[in-house]
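One structure is given below, encoded as structure tokens.
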Protein chains: 2
Amino acid sequence: MWSLLNSKTFKTLSTNPRLWRRTVTTKSLIYRKFGQPINELQIIEEDIPNPIDKQVLIKILRAPVNPMDVSIIQGIYPFRPKILPAIGGGEFVGEILKVGELVMNLNEGDLIIPLRMHLGSWTTYKLAEEEEVYKIPKYSDLKEAATIGANTCAAYRLLKGFVNLKPGDSIIQNGANGFVGQTVHKLCKLWGIKSLGVIRDRPDAGVLKLAMERLGATVVLTDKEIDTTDVYETNCLLKPKLALNCTGGEMAESIARHLDKCGIMVTYAGVSGKPFKISALPSLILNEQRFTGFWITKWIEENLGSPHQVRMMNELIRLLETNQLETPPVEIIPFDDFKEAFAKRDGSCKRFMLDMTVDEDVKWIGERLRPLVPLGHCSNFGGKKAVKKSDKK
Amino acid sequence: MWSLLNSKTFKTLSTNPRLWRRTVTTKSLIYRKFGQPINELQIIEEDIPNPIDKQVLIKILRAPVNPMDVSIIQGIYPFRPKILPAIGGGEFVGEILKVGELVMNLNEGDLIIPLRMHLGSWTTYKLAEEEEVYKIPKYSDLKEAATIGANTCAAYRLLKGFVNLKPGDSIIQNGANGFVGQTVHKLCKLWGIKSLGVIRDRPDAGVLKLAMERLGATVVLTDKEIDTTDVYETNCLLKPKLALNCTGGEMAESIARHLDKCGIMVTYAGVSGKPFKISALPSLILNEQRFTGFWITKWIEENLGSPHQVRMMNELIRLLETNQLETPPVEIIPFDDFKEAFAKRDGSCKRFMLDMTVDEDVKWIGERLRPLVPLGHCSNFGGKKAVKKSDKK
């Protein structure tokens, strides 16, 4: 496996015979201080030593650019790296190139995703501990795999962690077109749960509604429509037992008004930056509604390797294997074009994923093991002019 | 026991021999439509038949005038009587005069309080089902006894039902000088829990603070002081695990800001009528705080006769027996002077309790069994000019 590495990446770390060992050079997107990613991010090259003990050396294949990653660089996210400079990004899918002598359950050639958040994923090679990564099937779609660890897990936990939802039950969510929101609709559809999505009113609301409904949403309404809807009569929906709030502000209050008695609203983000109001009557006292929060970063830290997490990952991987999960549209950008991605990202809802393989002169396992996928350069899903290599479904 | 009744209250219900039985005439404060108590309440007299089956006939001795009772008459409380006219009031302490032939565990002469809420307590005699009342010790203080069933239970449930509080833990509450609030401070003191009370800023705040601290509050602050206090440093308080909200509005937000990580705020009333704001960050997501409601009426309906309720009542009665509970100051008003009570109540925090015995020419058990209590008329706790009969501690 080692031989797959481009020989130019091997270096001598030292002339001291005791330290004499081969290294691999990784190219990382780092930031030295908090600020706008487009200003702060820069590429550096570093040598990585061979993995020792329980370490594994990973070739990163795909790494998404999540809003959370951007907020961390901006310094406005609750999690901050312990030291700067730090490597950006959190999620990735990678291939194991080499394992330390104490690694028990992983081998060269395994396809893995991180179990821990915020390890730094915008880098071409990486050392991690065996316990920090999770082996996935080799034929997994790289795009799905790269987002399963945080966004898909968040959607899964939001639906499983608070209310015992049975087929036929309903949920309501704002930010229905967000990455987590889209996955929530998909999981609901898979599990027979009816989902009511709320999006901000906008010129292309009709198109967005159709896209969300195709993903699995039972109904999608704009924030202007939600308070006067007859959706329960016309769609035979039960009042939602669970409301998922990622916006705060009035859109949070809108979905809370739809909650069933004894329902719970879980807030997992507050992208509007605004608080929301709740009242004693009828919400808290008469209707016994509860309001709580969820933070996927903390959940993963606290449940690393737990039966909960293993069961969830196994179930998600099974959905991945059987093509029942579909990543929301995401544009693949070659790693070296990262500036373009961040420039485009500003002020748009577009999601990007960095392709960390394009400047290597070898084909990585994600591609090699999917012989039906035409390799090489092809145009992107979005009809973009720029010609880039794309993952396909 | 029957013979204790004033002979003028005995009547013949019917000349039909099958219905020939003695009745007692009760004098009740009823309302025929919703509105201000002072306008709507009127006294009527009705005959009550002998108790049958599992019924008990009760001589009501004391019945408080709670804000909840007033809200019900105003028609603004979540609970509404099923039919009008209805008898006002909910809490009382009474003596059993006669029992139906199927009554198992109660006897004539027993002192009882209601287990069920809103039975109608502003009446001199009453029929109730055996399961709706709870026997208390005969030497109980009537004033304590009359408020234990709703207000004291509410305080108890708020402290026991949501967080596992251990001695040394802290709670925070607004409306600290309310009836429930005062009892919360007392129970906290008894159980070794530190309590931080918040009151509205007012000219007599200093006096009120001292009174609350004498009751058991660790610290009492005004809403102006709460946000800049160094109370945790100076009083070695831990951050509160539990916040009790009965106001809503900004005072709710103030106490929420003091909640510890993973703390819970329970809203049991919203006397300001205003909602309160909560934010995704830091409250819900980073600090994992939860917001929920509690309604004593519903709790009692759902837990009537449950081990929970029996355990609670036993514990409260034990505190009552050992004089560890003290009712917040309350003015005793003769039943016939009810208009005076409601006129005084408007715009004041004064609490009243109706004395239903004063126009009877017998002494009831609450007095008779406490030989150390001087009977007859004496001035009230508050140095009121009007000379009224008062319960004493």
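The values are calculated or read from the model by the stated rules, or taken from the named source; none is laboratory data. All values reported here derive from a predicted model rather than from experimental measurement. As a convention, Cβ positions derive from the backbone with ideal geometry for all residues, glycine included, and neighbour counts pool all protein chains shown. Heads up: the accessible areas ignore ligands, DNA and RNA and are worked out on the full protein's heavy atoms, side chains in. Shrake-Rupley method; radii C 1.70, N 1.55, O 1.52, S 1.80 Å.
Along its principal axes, what span do the Cα atoms of the range B:252-331 show, with the longest given first and each in whole Å?
Largest first, the range B:252-331 extends 47, 33, 23 Å along its Cα principal axes.
Keeping every protein chain in place, order B:153, B:236 by accessible area at 1.4 Å, biggest value first, i.e. largest first. Numbers along the way, then the final one.
Numbers: B:153 0, B:236 100 Å².
The residues order as B:236, B:153, largest area first.
So for the range A:24-134, what are the equivalent ellipsoid semi-axes in whole Å, largest first, each being the square root of 5 times an eigenvalue of the Cα gyration tensor?
Working: eigenvalues 129, 38, 27 Å².
Largest first, the range A:24-134 gives 25, 14, 12 Å.
Among the residues of chain A, which one places its Cβ closest to the rotation axis that maps chain A onto chain B, and what is that distance in whole Å?
A:291, 2
For residue A:127, what residues show an amide H to amide H distance below 5 Å, using hydrogens built from the backbone and excluding near sequence neighbours?
Answer set, sorted by chain and number: A:58.
If you average 1/r over all unlike Cα pairs in the range B:151-300 and invert the result, what Kirkwood radius do you get in angstrom?
On the way: mean 1/r = 0.0665 Å⁻¹.
Final number for the Kirkwood radius of the range B:151-300 is 15.0 Å.
Between their Cα atoms, which of A:143/A:224; B:143/B:224; A:98/A:186; A:241/A:274; A:224/B:241; A:166/B:241 are more than 29 Å away from each other? Display every interim value, and only then the final one.
Working: A:143/A:224 34 Å; B:143/B:224 34 Å; A:98/A:186 36 Å; A:241/A:274 24 Å; A:224/B:241 38 Å; A:166/B:241 33 Å.
Violating the 29 Å Cα-Cα cut-off are A:143/A:224; B:143/B:224; A:98/A:186; A:224/B:241; A:166/B:241.
Could you list the residues of the range A:249-273 with an amide nitrogen less than 15 Å from a label point located 7 Å from the Cα of residue A:298 in the Cα-to-C-beta direction?
Label zone hits: A:266-270.
Accessible area per residue, 1.4 Å probe, Å², for the range B:151-300: what's the number? Show your work: numbers first, answer last.
On the way: 5710 Å² over 150 residues.
I get 38 Å² per residue for this part.
How much accessible surface does residue A:118 have with a 1.4 Å probe, in Å² rounded to 10?
Roll a 1.4 Å probe over it and residue A:118 shows about 30 Å².
Ignoring ligands, DNA and RNA, what percent of the accessible area of the range A:151-300 is carbon or sulfur (1.4 Å)? Intermediate results must be reported in sequence, preceding the final value.
On the way: 3060 of 5720 Å².
Roughly 54 percent of what the probe reaches on the range A:151-300 is carbon or sulfur.
From the convex hull of the Cα coordinates of the range B:51-95, what is the mean projected area in square nanometres?
Details: hull surface 16.5 nm².
With the hull built on Cα positions only, its mean projection is 4.1 nm².
What are the nm distances, shortest first, from residue A:131 to its equivalents in the other copies, labels at 7 Å along Cα→Cβ?
Shortest to longest, the spacings are 5.5 nm.
How big a patch of accessible area, both sides summed and in Å² to the nearest 100, lies buried between A and B at a 1.4 Å probe?
Details: alone 17900 and 17860 Å², together 33700 Å².
When A and B are taken together, about 2100 Å² of accessible area is lost.
So how do A:33-42, A:273-282 stack up, highest first, on mean other-Cβ count within 10 Å? Kindly include the intermediate steps, with their values, before the conclusion.
Working: A:33-42: 15.6, A:273-282: 18.8.
For the peptides A:33-42, A:273-282, the packing ranking is A:273-282, A:33-42.
With a cut-off of 8 Å between alpha carbons and a minimum separation of six or more residues, what is the relative contact order of the range B:151-300 in percent? Don't jump to the answer; show the numbers that get you there.
On the way: 286 pairs, mean separation 32.1, N = 150.
Once divided by the residue count of the range B:151-300, the mean separation gives 21 percent.
Which entries of B:160/B:239; A:189/A:209; A:277/B:350; B:239/B:277; A:82/A:126 show an alpha-carbon separation above 22 angstrom in the structure shown? Before the final figure, lay out the partial values.
On the way: B:160/B:239 18 Å; A:189/A:209 15 Å; A:277/B:350 31 Å; B:239/B:277 20 Å; A:82/A:126 18 Å.
Pairs exceeding 22 Å: A:277/B:350.
Taking a label point 7 Å out from Cα toward Cβ, give me the nm distances from residue A:80 to the same spot in the other copies, shortest first, one decimal.
So the distances to the same position in the other copies read 5.5 nm.
Skipping prolines and chain starts, which residues have an amide H placed within reach, meaning under 5 Å, of the one on residue A:267, given they are 5 or more residues away or on another chain?
Under 5 Å from the amide H of residue A:267 lie the amide H atoms of A:245, A:292, A:293, A:294, each far enough along the sequence or on another chain.
At residue A:206, with labels set 7 Å past Cα in the Cβ direction, how many nm apart are the copies from this one, shortest first?
7.1
Which value, in nm² and rounded to one decimal, describes the direction-averaged projected area of the C-alpha convex hull of the range A:157-196?
Numbers: hull surface 9.9 nm².
Average of the hull's projected areas for the range A:157-196 equals 2.5 nm².
When all protein chains stay in place, what accessible area (Å², nearest 10, 1.4 Å probe) is found for residue B:257?
140 Å²
Under the definition of partner shielding as Cβ atoms of other protein chains within 10 Å of a residue Cβ, what is the mean value for peptide B:76-88?
Details: counts 1, 1, 5, 1, 0, 0, 0, 0, 0, 0, 0, 0, 0.
So the per-residue partner count for this stretch is 1.
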